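What follows is a short report on a single structure.
Read the figures in this text as sums done on the coordinates, not as results from a lab. Treat the numbers as computed from the prediction; the structure is a model and nothing was measured. Heads up, the Cβs are rebuilt from the backbone with ideal geometry, glycines too, and the neighbour counts pull from every protein chain shown.
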Amino acid sequence: MTEPTQPGANPPSPTKASEAASELNNVLQIISGASTMLDKEQENPETYLRMLREAIQRAEVISGDLNREVGGSTEQRPTQDELSKFKRLEKPTQSTPAQERIMVVDDEQMNLVLLKTILEEAGYSVTTASSGFDCLDLFRTNPLRFSLIMLDLTMPFLNGEETFARLKEIRADVPVVLCTGFIQSERLERMMASGLAGFLRKPVPVEELISCIQKAVGQT
C-alpha cells in the first residue's frame with residue numbers, strides 16, 4: 001500500500017518554480033549591479049545600500065515561499081557567504097559613442113536604474129520603459145531614434161515575446177536583445193529564428209552586457 005504523502009511535501013509546480021527562478025535572477029541582478037555601483041560610489045552610497053537591503057529581503061521571502069511549497073523550514077535565510085559566491089560585476093573598459101540610444105524595458109524599477117547607470121557610464125544614451133506597452137508607445141513615436149532595445153521577458157499584460165513581435169512589425173531591422181533570468185529553450189529558439197539579436201541571462205556581467213550590445217549594433 002502506498003504511504004500517504006505528507007502535507008506540503010510535494011515539489012512546487014513548474015509555473016511556480018519558473019516564476020521563482022525568474023524572480024531570484026532579478027534579485028541577483030540587483031545585488032550584482034548595486035555591488036558594482038557601491039565600488040564606484042564613495043560620496044553617496046545610501047541609494048545602493050538600500051537596493052541591496054531590499055534585494056536581500058526579497059530573496060528571503062522567495063526562499064521562504066519555496067520552503068513552504070516543499071514542506072521545509074521557513075526560518076533558513078541566505079547567509080553572507082552564500083550571497084558572496086555571486087561574482088561582482090566589473091567596470092567596462094571600453095567606451096561607446098553617445099549617439100547610440102538604447103531602450104531598456106523591464107518591470108523591475110531597480111533593474112532599470114542600475115542598467116541605465118551602467119550603460120550611460122559606457123557611453124550610451126538610455127531611455128527606460130517599465131512595460132511592453134510603454135516600450136511600444138515610445139518606439140512608435142520615433143522608431144529610428146533607437147539603436148537597440150533591451151527587453152525583459154517576464155512582464156505583466158504584455159510579455160517580452162509579444163513586445164518583441166510588435167516591435168518587429170513597426171521596424172523589422174531594429175536590434176532586440178533579450179535579457180532575462182529564465183526561458184524555455186524552445187521559446188528562445190523561436191525568438192532567435194524571428195530575428196532576436198542576442199540573449200543575456202540575468203545576472204549579467206557588465207563586460208558581457210556591453211560586448212553583446214556592441215555586436216548587436218555593429219560596433220565590433
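List every residue whose amide H lies under 5 Å from the amide H of Val217, counting only residues 5 or more places away in sequence or on a different chain, with H placed 1.01 Å from N in the peptide plane.
none
What's the magnitude of the charge dipole for the range 101-216 around its Cα centre, counting Lys and Arg as +1 and Asp and Glu as -1 at the beta-carbon? Answer in Debye, nearest 20.
Charge dipole, the range 101-216, about its Cα centre: 300 debye, nearest 20.
Near the amide H of Val104, under 5 Å away, which other amide H atoms are found, from residues 5 or more places off or on another chain, if H is placed in the peptide plane?
Correct list: Thr127, Thr128, Ala129, Met150.
Using 1/(1 + (r/R0)^6) with R0 = 35 angstrom and r between the beta carbons of Arg166 and Glu189, what's the FRET efficiency to the nearest 0.05?
So, using R0 = 35 Å, E works out to roughly 0.95.
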